[in-house]
Structure formats: C-alpha cells, structure tokens
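Student: Before anything else, here's the structure in question.
We did not get these values from a lab; they are worked out from the coordinates using the rules stated. Given the structure is predicted, the values throughout are model-derived calculations rather than measurements. Note: ideal-geometry Cβ built from the backbone for every residue, glycine included; neighbour counts use all protein chains shown.
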Amino acid sequence: MKTKLTLVAAAIAALALGTNAQAVDTKRINQEHKAELEKCKDLKGNAKDVCKKEADGHKKIAKAEAELKEQDTPKNRQKLAEAKADAQYDVAKEKCDDQKGDAKSACKKAAKAEHEGAIAQAKKASLSDTKTSETKPKESKTSKKE
C-alpha cells in the first residue's frame with residue numbers, strides 16, 4: 001500500500017514539475033514576444049507590419065519548440081517545421097506589400113509556392129520519422145532474440 005502511495009505521489013510531483021516548466025516557458029515566450037513588439041513601435045508603414053509579423057513568427061516557433069522539448073515526437077517535429085514555414089511565409093507576404101502591381105502579385109505567388117514546398121517537406125519528414133520510429137521497436141525485438 002505504501003509503495004502505491006509513493007508511486008502516486010511521485011507521479012503527481014512529476015506532473016506538477018512538467019506543468020511548472022510549461023508555465024515558465026509560456027511566460028518567457030510571452031515576455032520575449034512583448035519585447036520584440038516593443039521594438040516595432042518606432043517603425044512606420046510596412047516596416048512596422050513586417051516587424052510585427054517577425055515577432056509573431058518567433059513566438060509561434062518558440063511555442064512549437066517548447067512542445068517539442070516537452071515531448072519529442074514526429075508530430076511535434078512536424079508542428080515545428082510547419083511553424084517555421086508559416087512564420088517565413090507571413091513575413092514574406094508582408095514584405096511583398098512594399099511592391100506594386102505585377103511585382104507584388106509575383107512576389108506573393110513565389111512566397112506561397114515556397115510555403116507549400118516547406119509544408120510538404122515537413123509532412124514528408126514527419127511520415128519518414130513515423131515510419132522509422134515504428135520499425136525501430138521491431139528491430140530491437142529481433143536483435144534481442146539473436
């Protein structure tokens with residue numbers, strides 16, 4: 001009975017530490033985001049918009065990195081790659097606003113194509129990671145029998 005209580009207490013403590021680490025990460029991410037946005041205040045026009053998109057992108061990436069640090073899974077690695085692609089795309093689209101007419105349209109199309117390629121690559125890598133992680137346990141079982 002005492003062993004069960006000790007195990008339950010240990011599990012609760014581990015959960016609390018994990019939750020505390022998440023809270024610390026979230027607070028740090030939010031503080032960094034706020035500081036980055038503060039730097040954007042002095043800018044004007046599209047430069048200010050680009051600055052804000054960059055800050056938002058850094059926050060999104062930081063959140064995905066925190067999730068990956070907490071639990072390294074193929075899905076979380078994919079989320080991180082997609083967050084990076086999304087952040088880059090949002091900034092690229094905003095930078096296109098500096099241009100006009102056909103140049104602006106071409107810029108946005110190029111940004112979209114690059115984004116779609118990056119997302120496809122992230123999904124492909126995630127599938128590859130998933131297949132690898134599925135085959136590893138089978139290999140280890142086989143090697144134990146030998």
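Student: I'd like the trypsin sites (Lys or Arg not before Pro) in the range 41-118 restricted to DSSP loop residues with at most 15 other Cβ atoms within 10 Å, sorted by number.
Tutor: When the trypsin sites (Lys or Arg not before Pro) of the range 41-118 are filtered for loop state and at most 15 Cβ neighbours within 10 Å, K41, K44, K100 remain.
Student: What net charge do the residues around A62 carry, taking every other residue with its C-beta under 12 Å from that of A62, with Lys and Arg at +1 and Asp and Glu at -1?
Tutor: +1
Student: Among rounded, prolate and oblate, which fits the range 2-129 when a ≥ b ≥ c are the square roots of the eigenvalues of its C-alpha gyration tensor, a/c under 1.5 means rounded, and a/b larger than b/c means prolate?
Tutor: Oblate is the answer for the range 2-129, as a/c is 1.5 or above yet b/c matches or exceeds a/b.
Student: Near V24, within a Cβ-to-Cβ distance under 12 Å, what is the net charge of the other residues, with Lys and Arg +1 and Asp and Glu -1?
Tutor: Net charge in that neighbourhood comes out at +1.
Student: Assuming R0 = 41 Å, what is the FRET efficiency of S128 and K93, from their Cβ-Cβ distance, to the nearest 0.05?
Tutor: So, using R0 = 41 Å, E works out to roughly 0.90.
Student: So, counting K/R as plus one and D/E as minus one, what does the shell of residues with Cβ under 15 Å around K39 add up to?
Tutor: 0
Student: Hey, which of these cross-link pairs are over 25 Å Cα-Cα: K27/K123; K34/K93; K48/K79; K39/K60?
Tutor: Listed pairs above 25 Å: K27/K123; K48/K79.
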